[in-house]
1. Can you work out ³J(HN,Hα) from phi for every residue in segment 100-112, in order, using Karplus 6.51 cos²θ - 1.76 cosθ + 1.60 and θ = phi - 60°, giving whole Hz and x for Gly and Pro?
2. Where the centroid of each part is defined by its Cα atoms, how far is segment 105-147 from segment 44-99 in Å?
3. Quick one: which residues, 5+ away or cross-chain, put their amide H under 5 Å from the amide H of Ser207? H built at 1.01 Å from N.
4. Using a Gaussian network for the chain with springs between C-alpha atoms less than 10 Å apart, which of these wobbles most: Lys28, Lys185, Lys102?
5. Residue-wise, which Karplus ³J(HN,Hα) couplings in Hz belong to segment 210-218, taking 6.51 cos²θ - 1.76 cosθ + 1.60, θ = phi - 60°, and x for glycine or proline?
6. Using a Gaussian network model on the chain with a 10 Å cutoff between Cα atoms, which of Val91, Val113, Val78 fluctuates the most?
7. Under a 1.4 angstrom probe, counting protein chains only, how are Met191, Met156, Met1 ranked by accessible area, largest first?
8. Give me the percent relative contact order of the chain, please, defined on Cα pairs under 8 angstrom at least 6 residues apart.
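The values are calculated or read from the model by the stated rules, or taken from the named source; none is laboratory data. Predicted model only: the values in this text are computed from it and were never measured. Cβ placement follows ideal geometry from the backbone for every residue including glycine, while neighbour counts extend to all protein chains displayed. Accessible surface areas use protein heavy atoms only, side chains included; no ligands, DNA or RNA. Shrake-Rupley method; radii C 1.70, N 1.55, O 1.52, S 1.80 Å.
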Amino acid sequence: MSLEKITKSYERIKNILPDDVQLVAVSKTHPADQILHVYNLRQRVFGENKVQELVEKYPLLPKDIQWHLIGHLQTNKVKYIAEFIDTVQSVDSEKLLEEINKQAGKHQRKIKVLLQVKIAEEETKFGLEIHEAKEIFQNYINGKFPNVEITGLMGMATFTDDQNQIVKEFTLLKQIFDKLSLLKKLDVLSMGMSDDFPVAIQCGANSVRIGSAIFGSRQYDL
Ligand SMILES: *Cc1c(COP(=O)(O)O)cnc(C)c1O
């Protein structure tokens, strides 16, 4: 997509989004010059879903970008991003959280994470079962992961046209969010992408991950 078109789509999205909803601009598959363009429109939070792609782009772009990893993260790759990643949104196992905690410690920093909870009916999506998310959060409260900060939850709805289904799934995640918040306050509820962010916000999302509605469609499907 041309830079002019990207400007227009970005401004359109910014105008729709309520002020208290964080925008994570999902830049996967799009080149550094397009990311820099959106950065120059004052966007600071960007999401990538692959470690290798992120590690290649990171040195090319301004250092005050807050990078979010939003795709499945293999434990053995945490070390490549631990020094600079702002938030890992896709924590889908306790083992992964242990490794993030360990690598954050090595760099004497805290890494923010979201627990990715499986709310979709589809079998393909990564994510924790609800009871697993609760157990991990309890262990966190008990001090098991001193170098991470669990700031919230992330979830993806089923890929479907059935609005009721999507509402049901997002509402479920909002309920889990409220329940866990009683144990220790959570700030971030990340749900909603280009096609379903308005309904996600209606269901209580305060962070959305938007790619194609800003940068255009991707050349290859990830
Ligand atoms: C690619 C991706 C997005 C953005 O998807 P769009 O439909 O392009 O907005 C959001 N979340 C995750 C986890 C993704 O992998």
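1. Each residue of segment 100-112 in turn: 4, 4, 5, 5, 4, x, 4, 9, 6, 9, 9, 10, 7 Hz.
2. Segment 105-147 and segment 44-99 have Cα centres separated by 15 Å.
3. So Ser207 has HN proximity to Gln22, Leu189, Met191.
4. Sorting by GNM fluctuation, first place goes to Lys185.
5. Using θ = phi - 60°, the values come out as 10, x, 4, 5, 9, 8, x, 6, 8 Hz.
6. Answer for the Gaussian network model of the chain: Val78.
7. Values: Met191 0, Met156 50, Met1 95 Å².
Descending accessible area places them as Met1, Met156, Met191.
8. Relative contact order for the chain comes out at 21 percent.
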